[in-house]
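Trainee: The structure's right below; bear with me while I get my questions together.
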Amino acid sequence: MTIMSGGFGLWMLLESRQNAGKQAITALPTSSFFSSADSFAMIRGGHIDMAVLGAMEVSEGGGIANWTIPGKTVTGLGGAMDLVAGVKRLAVVMDHANKAGAPKILRDCTLPLTGRACVDLIITDLCAMASDKLGLRLVEQAPGVSLDEVLENTGACFTADRALERAA
């Protein structure tokens, strides 16, 4: 099941309705709809156990930047700020590096923050990292990815289990 601001269910791309990201979608028979007010009541009321968001940057301290790049047109703020403030657990799924090859996991975010110290898990094309009060911890590497490759592509400090070091 996919959970998103404005509806529950599986979604596919067509030109009938828009999702929270302003993409055209259509509902499948398993989908349901509710008002934006109900959606935000669930989010702000702490009724969402986990959210999965994309990000442009994540900081070593669990901060997330995913809503704007200064100087670029913003199509709408959406509910990301409400989600990061009201959800019980937050997972971020993104590429480990940006299009220019620069790390997206940084000591501090350079882009405007969506939320501070709110990320619990980061999943990238190279690895999975847990984020908590102690900082970032490498929990799994993608098949064929070495610890050195993760280190070279990460702009933040993190710890790694010795078993992970040997496995790569």
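Trainee: Out of the residues in the range 90-109 that are charged (D, E, K, R), in contact (Cβ under 8 Å) with a residue 40 or more places away in the chain and open to solvent by 40 Å² or more (accessible area, probe 1.4 Å), state the one that is farthest from ASN66 (Cα to Cα).
Mentor: Among those that are charged (D, E, K, R), in contact (Cβ under 8 Å) with a residue 40 or more places away in the chain and open to solvent by 40 Å² or more (accessible area, probe 1.4 Å), it is ARG107.
Trainee: Restricting attention to the range 1-27, which residues are at pLDDT 70 or above and open to solvent by 50 Å² or more (accessible area, probe 1.4 Å)?
Mentor: ARG17, GLN18, LYS22, GLN23
Trainee: OK, next. Which of the residues that make up the range 110-126 are on the phi < 0 side of the Ramachandran plot and either open to solvent by less than 30 Å² (accessible area, probe 1.4 Å) or aliphatic (A, V, I, L, M) (or both)?
Mentor: Hits for the range 110-126 are LEU111, LEU113, THR114, GLY115, CYS118, VAL119, LEU121, ILE122, ILE123, THR124, LEU126.
Trainee: While we're here: Only one of ALA100, ALA85 is at pLDDT 80 or above, of a type in the set (Gly, Ala, Ser) and over 23 Å from ASP120 (Cβ atoms); which?
Mentor: Going through ALA100, ALA85 in turn, the sole match is ALA100.
Trainee: Spot the failing condition for ALA85; the list is (1) within 22 Å of LYS22 (Cβ to Cβ); (2) in contact with a Ser or Thr (Cβ under 8 Å, 6 or more places away or on another chain); (3) open to solvent by 20 Å² or more (accessible area, probe 1.4 Å), and only one is missed.
Mentor: It is condition (2) that ALA85 fails.
Trainee: So, one more: If you scan the range 31-56, which residues turn out to be in a loop (DSSP other than H, G, I, E, B), modelled with pLDDT of 85 or more and surrounded by fewer than 14 Cβ atoms within 10 Å (Cβ to Cβ)?
Mentor: GLY45, GLY46, HIS47, ASP49, GLY54 - these are the residues of the range 31-56 that are in a loop (DSSP other than H, G, I, E, B), modelled with pLDDT of 85 or more and surrounded by fewer than 14 Cβ atoms within 10 Å (Cβ to Cβ).
Trainee: Restricting attention to the range 129-167, which residues are surrounded by 16 or more Cβ atoms within 10 Å (Cβ to Cβ) and among the small types (Gly, Ala, Ser)?
Mentor: ALA130, SER131, GLY155, ALA156, ALA160
The values are calculated or read from the model by the stated rules, or taken from the named source; none is laboratory data. Fair warning: this is a prediction, and the values are worked out from it, not measured in the lab. Note that we place each Cβ from the backbone using ideal geometry, even for glycine, and neighbour counts take in every protein chain shown. For the accessible areas, the whole protein counts, side chains as well, though only heavy atoms, and no ligand, DNA or RNA atoms are used. Shrake-Rupley method; radii C 1.70, N 1.55, O 1.52, S 1.80 Å.
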